[in-house]
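J.: The structure that follows is given in the form of structure tokens.
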Amino acid sequence: MTPLSSSEHSLSPSMPSSWSDTLTAMLEPGEHVIAWLEPDLDERLYFASGALVLSSRRLFARAPGASDWLVWTVSIAQSFQHRDHAGVGSIELFDGSTRLGIWRHTLGMVPAVARMVELFSNLQTKLRDPQAEIVVDAAACPACGTPFAPDQDECAVCEAKPTGPSDTWALLRLARFAKPYRVPLLVGLLLTLMSTAASLVPPYLTMPLMDDILIPFQNGKPIDYDLVTLYLTGLVVAALLAWLLGWARTYLLSWVSERMGADLRTTTFNHLQTLSLQFFGGKRTGDLMARIGSETDRINLFLSLHFLDFVNDVLMILMTAAILLSIDPWLAVTTLVPLPVIIWMIHLVRDRLRFGFEKVDRSWSELTNVLADTIPGIRVVKAFAQEKREVARFREANDRYLAVNDRINKVWALFAPTVTFLTEIGLLVVWIFGITQVASSAISVGVLAAFLAYIGRFYTRLDSMSRIVTYTQQAAAGAKRIFDILDHVSSVPDAQRPVPLTRMEGRIEIRNVGFRYGSRTVLRNVNLSIGAGEMIGLVGHSGSGKSSLVNLICRFYDVTEGGIRVDGVDIRSYSLNSFRSNIGLVLQEPFLFFGTIAENIAYGKPSATREEVIAAARAARAHEFILRLPQGYDSLVGERGQALSGGERQRISIARALLIDPRILILDEATSSVDTTTEMEIQEALDNLIQGRTTIAIAHRLSTLRKADRLVVLDRGQVVEIGNHEDLLARGGAYHALYEAQTRQVDAEPPLPVASEASNG
């Protein structure tokens, strides 16, 4: 949508030329366009482009595929309303109670539509009070409604790239995980300093060996063996000390880094458990697995090996530079000539590697996502004979990962030899300058030999430090992806000062509740009171908001309007753990964890005794089939319970809910995916489960709600009817239509043979 404030008859350049000329000719003198948009759905909800234009006096509309324009003069009596539900938005123009027009659109246009509604209201305000000042932006983005600056051609919001802390800063944030290990870290750094100092002793001893022993010997002076023994002993002691200190600091710092990595994995996984379902709805399993697994491993490897080498290299370079300057400042300056060039190259390559490794991480996540999709869904893959397709998907992801790594390797292949070449040039410069100094008797041969020994170590460490940049950027990219999780705040926060919840009664009050998934309205103005121990059935078409209402009661999501009270207290005032421990949930597709049947039944109460587990299984009508399994309650259920049939998995989930003895029970299509015989057995188990509990049951099969005290009919996110089965049928409303539709469907179906238990899976 693009609002305009110009008084001329010209339209925005981005307005479709297919109808802009026609509309320009329709404008009256002094009339100008304020806003326009293109509703993208027709009356049958097919994709089609219409036109809706608001001028300073009138509203113009053209239906998809039509050539004629409908025109209404804007008046105070009119209302311009916007609604959305289940993925479809609608704009309606009313004059009093008479609807003049309706236009439908997808939810991606919600910000633009909301802006046009606001401008329509501003125009009515101007009609009421001609003196009122209404500020209208010169232009705005048709996608998000963000105003344009006077000299701006593109939206700053839609076109902006996400920004955030640098990868290096993310790596520095790992210091918080080092706090518990401050003492061993300080000891490790001290050992590093001492071992580096010990390794610098041997080159220093070459000066007296050359100047006081070897050169005098060549000039005819006898060798002082006591002095030689002293120097050689110094070399041996320094080497042994460097080895011992190096071993100690490597072990100690590796010990610390391993524990930091373990803490990082635990903290990340623990934080994941606190996040709401909204977070997981926008993430892929493979990506999260890659972050907690491979990213933390990469960080751990950097901390345990490469960071230690980096610190050692830095200390070696600084201490070597100090020794060189103390021996001969001019020769030392000559030695450091290539250093600025190498530092500049490291800075240049670091940025390229950083972006490259971000792409590598994303590519690896895509590869993991293919595995996370295919392996759990292998039954579907084989059922539809799509093995080759999945192999092709994996190959494509693997090729993308390979291509990204190849681009990084091209950069690195040029950088590493260049650094080595520069160090060789530096060594050559030292030779040239050193020979000149020796020839002029400015320095001795021993000083030059010591310099060459030190410069060899200096450039070796410099080359090693430059190579560590690749591991640093890998770890930094991984740390950034980890902190993307740790920085995420749950949309369902826990209460800071929770109200104590000792024994829940189960009274539920839903007051003026509204809820939106992003920009999509799912529930609006829902009011419902449920007594303790009452059974409520939620019915309605798919997309009417039944599961969303249940999710709000379980507080998997938080309401966007109104509130939900349990026992007179807003559920946001309870701690999440204490509140949900009083709720039992039986889903349409029960999820079982890999493990034994007993472990799955006792999942909500790990401390349960075997007798309690068996009692819950008996009540859920699961005991008999469990005993027929080879290991009984110790039988493994397989990945996601694939070793059991659908009815068996459902009864295990019912037993799991029974064991925690919940005060509120949620049944979400608990019998929809099983045959009639199994449904009857599950229904018996459910009858045991609902006794004395506040129960909310969702079912498409209205026959499964025969024991409900009341039925609540939802339509388009609103409660339209409440009553028992007979009363709702007598009203002839929405429930009657649902019941009649199901009755006709059942009558039309041919009788089916009774399926055996083995076929239920």
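J.: So, in the range 502-534, of the ones that are among the acidic types (Asp, Glu) and either under 34 Å from the mean Cα position of the chain (by Cα) or open to solvent by less than 40 Å² (accessible area, probe 1.4 Å) (or both), which residue ends up modelled with the highest pLDDT?
T.: Ranking the qualifying residues of the range 502-534, first place goes to GLU509.
J.: Tell me, yes or no, whether the range 81-92 has at least one residue that is farther than 23 Å from SER544 by Cβ and either among the aromatic types (Phe, Trp, Tyr) or at pLDDT 85 or above (or both).
T.: No, the range 81-92 contains no residue that is farther than 23 Å from SER544 by Cβ and either among the aromatic types (Phe, Trp, Tyr) or at pLDDT 85 or above (or both).
J.: Which of the residues spanning the range 723-736 are within 42 Å of the chain's Cα centre (by Cα) and either surrounded by fewer than 13 Cβ atoms within 10 Å (Cβ to Cβ) or under 10 Å from LEU702 (Cβ atoms) (or both)?
T.: Correct list: TYR735 only.
J.: Is there a residue in the range 17-35 that is modelled with pLDDT of 85 or more and among the polar types (S, T, N, Q)?
T.: No, the range 17-35 has no match at all.
J.: If you take the residues in the range 281-303 that are of a type in the set (Gly, Ala, Ser) and open to solvent by 10 Å² or more (accessible area, probe 1.4 Å), which one is nearest to LYS359 (Cα to Cα)?
T.: Within the range 281-303, the match that is nearest to LYS359 (Cα to Cα) is SER294.
J.: Here's another thing I want to ask about it. So which pairs qualify, if the first residue must be in the range 233-249 and touching a residue at least 12 places away in the same chain (Cβ under 8 Å), the second must be surrounded by 14 or more Cβ atoms within 10 Å (Cβ to Cβ) and of a type in the set (Val, Ile, Thr), the Cβ gap must be under 6 Å, and the two must be at least 6 apart or on different chains?
T.: Cβ pairs passing all conditions: ALA238/VAL201; ARG249/THR192.
J.: Now for a different question. Return a yes/no flag: does the range 484-496 have any residue that is assigned to a helix (DSSP H, G or I) and either under 22 Å from MET316 (Cβ atoms) or among the basic types (Lys, Arg) (or both).
T.: Within the range 484-496, none of the residues are assigned to a helix (DSSP H, G or I) and either under 22 Å from MET316 (Cβ atoms) or among the basic types (Lys, Arg) (or both).
J.: Search the range 87-112 for residues that are buried (at least 19 other Cβ atoms within 10 Å of the Cβ) and pair each with any residue that is among the aromatic types (Phe, Trp, Tyr) and assigned to a strand (DSSP E or B) when their beta-carbon atoms are under 6 Å apart and the residues are at least 6 apart or on different chains.
T.: ILE91/TRP103; LEU93/PHE80
J.: Any chance the range 695-702 includes a residue that's open to solvent by less than 20 Å² (accessible area, probe 1.4 Å), at pLDDT 80 or above and farther than 13 Å from VAL539 by Cα?
T.: Yes, the range 695-702 has at least one match.
J.: If you take the residues of the range 190-212 that are among the aliphatic types (A, V, I, L, M), open to solvent by less than 80 Å² (accessible area, probe 1.4 Å) and under 26 Å from ASP313 (Cα atoms), which of them is farthest from the chain's Cα centre (by Cα)?
T.: Among them, the one singled out is MET207.
J.: Going by the conditions given, is VAL720 modelled with pLDDT of 85 or more and crowded, with 22+ Cβ neighbours inside 10 Å?
T.: Considered against the rule, which asks whether it is modelled with pLDDT of 85 or more and crowded, with 22+ Cβ neighbours inside 10 Å, VAL720 comes out as no.
J.: Out of all the residues in the range 213-265, which are open to solvent by less than 40 Å² (accessible area, probe 1.4 Å) and β-branched (Val, Ile, Thr)?
T.: Matches in the range 213-265: ILE213, VAL228, VAL256.
J.: Among the residues of the range 306-319, are any over 44 Å from the mean Cα position of the chain (by Cα) and either at pLDDT 75 or above or not β-branched (Val, Ile, Thr) (or both)?
T.: Checking the range 306-319: at least one residue is over 44 Å from the mean Cα position of the chain (by Cα) and either at pLDDT 75 or above or not β-branched (Val, Ile, Thr) (or both).
J.: Then there's this: Restricting to the range 624-646, give me the number of residues that are surrounded by fewer than 18 Cβ atoms within 10 Å (Cβ to Cβ), within 19 Å of LEU658 (Cβ to Cβ) and touching a helix residue (DSSP H, G or I) at 6+ places or on another chain (Cβ under 7 Å).
T.: Counting residues in the range 624-646 that are surrounded by fewer than 18 Cβ atoms within 10 Å (Cβ to Cβ), within 19 Å of LEU658 (Cβ to Cβ) and touching a helix residue (DSSP H, G or I) at 6+ places or on another chain (Cβ under 7 Å) gives 1.
J.: Something else: All but one of (1) under 24 Å from ALA242 (Cβ atoms); (2) open to solvent by less than 80 Å² (accessible area, probe 1.4 Å) hold for LEU318, so report the exception by its number.
T.: Only one criterion in (1) under 24 Å from ALA242 (Cβ atoms); (2) open to solvent by less than 80 Å² (accessible area, probe 1.4 Å) is unmet by LEU318, namely (2).
J.: Looking at the range 606-625, which of its residues are modelled with pLDDT of 85 or more and outside any helix (DSSP H, G or I)?
T.: Within the range 606-625, PRO606, SER607, ALA608, THR609 qualify.
J.: Here is a follow-up. Taking the range 565-590 on its own, how many of its residues are among the hydrophobic types (A, V, I, L, M, F, W, C), closer than 16 Å to SER653 by Cα and open to solvent by 30 Å² or more (accessible area, probe 1.4 Å)?
T.: Matching residues across the range 565-590 total 2.
J.: Are there any helices (runs of 4 or more DSSP H) wholly within the range 327-406 with 3 or more residues that are open to solvent by less than 70 Å² (accessible area, probe 1.4 Å) and among the polar types (S, T, N, Q), and if so which?
T.: 339-374
J.: With free of Cβ contacts under 8 Å to residues at least 60 places away in the same chain and either open to solvent by 10 Å² or more (accessible area, probe 1.4 Å) or not charged (D, E, K, R) (or both) as the only criterion, which of GLN473, GLN437, GLN496 stands out?
T.: Testing whether each residue is free of Cβ contacts under 8 Å to residues at least 60 places away in the same chain and either open to solvent by 10 Å² or more (accessible area, probe 1.4 Å) or not charged (D, E, K, R) (or both) leaves just GLN496.
J.: Being within 26 Å of the chain's Cα centre (by Cα) and open to solvent by 10 Å² or more (accessible area, probe 1.4 Å) is the filter here; which residues of the range 552-564 pass it?
T.: PHE556, TYR557, ASP558, VAL559, THR560, GLU561
The values are calculated or read from the model by the stated rules, or taken from the named source; none is laboratory data. Predicted model only: the values in this text are computed from it and were never measured. Positions of Cβ are backbone-derived with ideal geometry, glycine not excepted, and every protein chain shown enters the neighbour counts. All accessible areas refer to the heavy atoms of the entire protein, side chains included, with ligands and DNA or RNA removed. Shrake-Rupley method; radii C 1.70, N 1.55, O 1.52, S 1.80 Å.
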